[in-house]
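Asker: Attaching a single structure in structure tokens format; questions to follow.
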Amino acid sequence: MALNLDSFKKSIESLGRSLQAFRDANSLDLPQNMQETIRAGVVQNFEVCYEQSWKMIKRWLDENIGSSYVDGVSRRELFRLAFENRLIDDVDRWMDFHRARNETSHTYNQGTAEEVFCDAELFITDAQNLFRAIETRND
């Protein structure tokens, strides 16, 4: 059964738009408070996109290798299975994204917000690659 990828695709597009908005704001030399607001939007979109990503990995694995392999596994094990099935390229990098997602509840701290923002810039490429891998094998 094919998975519905609409929400996943929209979350990637939204993250991309927010990253572009931040770049645009930076180039326009907008006031710091406006840049911080846009950065907060990037962090929020990263959070949503990451959640969509790992849940899509779990759904794809559940459909294609079986729920007995996927149910109750740790996040690292889930990413290992995704790597073995050529959905992602690097388990450790995805664990870094998981750590960054867990830190999003602390974005009131400027340093943490900056770290998560940097991770979001790296993440979008991996999320797009994941989407393409699932889309091409979504039957």
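The values are calculated or read from the model by the stated rules, or taken from the named source; none is laboratory data. Quick caveat: nothing in here was measured; it's all calculated off a predicted structure. FYI the Cβ positions are ideal-geometry reconstructions off the backbone, even for glycines, and counts take in every protein chain you see.
Asker: Looking at (1) within 11 Å of the chain's Cα centre (by Cα); (2) not in a helix (DSSP H, G or I), which is the only condition Ile124 fails?
Answerer: Of (1) within 11 Å of the chain's Cα centre (by Cα); (2) not in a helix (DSSP H, G or I), only one is false for Ile124: (2).
Asker: Take Trp60 and tell me if it is part of a helix (DSSP H, G or I) and under 18 Å from His98 (Cα atoms).
Answerer: No; evaluated as a whole, the condition is false for this residue.
Asker: Restricting attention to the range 88-111, does a residue exist that is in contact (Cβ under 8 Å) with a residue 12 or more places away in the chain, of a type in the set (A, V, I, L, M, F, W, C) and under 25 Å from Ala2 (Cβ atoms)?
Answerer: yes
Asker: What number goes with the only condition from (1) in contact (Cβ under 8 Å) with a residue 24 or more places away in the chain; (2) closer than 15 Å to Ile134 by Cα; (3) of a type in the set (Asp, Glu); (4) surrounded by 15 or more Cβ atoms within 10 Å (Cβ to Cβ) that Glu47 does not pass?
Answerer: Exception for Glu47: condition (2).
Asker: Follow-up question, since we're still on this one. Within 19 Å of Ser14 (Cα to Cα), at pLDDT 95 or above and surrounded by 17 or more Cβ atoms within 10 Å (Cβ to Cβ): which single residue out of Phe117, Phe131 fits that description?
Answerer: Values: Phe117 fails: at pLDDT 95 or above.
Of Phe117, Phe131, the one residue that is within 19 Å of Ser14 (Cα to Cα), at pLDDT 95 or above and surrounded by 17 or more Cβ atoms within 10 Å (Cβ to Cβ) is Phe131.
Asker: Ok, one more. Would the range 2-16 turn up any residue that is assigned to a loop (DSSP other than H, G, I, E, B) and either touching a helix residue (DSSP H, G or I) at 6+ places or on another chain (Cβ under 7 Å) or within 16 Å of Phe97 (Cβ to Cβ) (or both)?
Answerer: Scanning the range 2-16, I find at least one residue that is assigned to a loop (DSSP other than H, G, I, E, B) and either touching a helix residue (DSSP H, G or I) at 6+ places or on another chain (Cβ under 7 Å) or within 16 Å of Phe97 (Cβ to Cβ) (or both), so the answer is yes.
Asker: Would you confirm whether or not the range 48-59 contains a residue that is over 15 Å from the mean Cα position of the chain (by Cα) and modelled with pLDDT of 95 or more? Steps first, answer last, please.
Answerer: Narrowing the range 48-59 to residues over 15 Å from the mean Cα position of the chain (by Cα): 59.
Checking the rest, the ones that are also modelled with pLDDT of 95 or more come to 59.
Yes: one or more hits.
Asker: Only one residue in Arg86, Arg39, Arg17, Arg23 is buried (at least 16 other Cβ atoms within 10 Å of the Cβ) and either at pLDDT 95 or above or farther than 14 Å from Ile134 by Cα (or both). Which one?
Answerer: Arg39
Asker: So which of Ala40, Ala21, Ala100 ends up being farther than 21 Å from Asn138 by Cβ, under 13 Å from the mean Cα position of the chain (by Cα) and of a type in the set (Gly, Ala, Ser)? Show your work before the answer.
Answerer: Details: Ala40 fails: under 13 Å from the mean Cα position of the chain (by Cα); Ala21 fails: under 13 Å from the mean Cα position of the chain (by Cα).
Selected residue: Ala100, the only one of Ala40, Ala21, Ala100 that is farther than 21 Å from Asn138 by Cβ, under 13 Å from the mean Cα position of the chain (by Cα) and of a type in the set (Gly, Ala, Ser).
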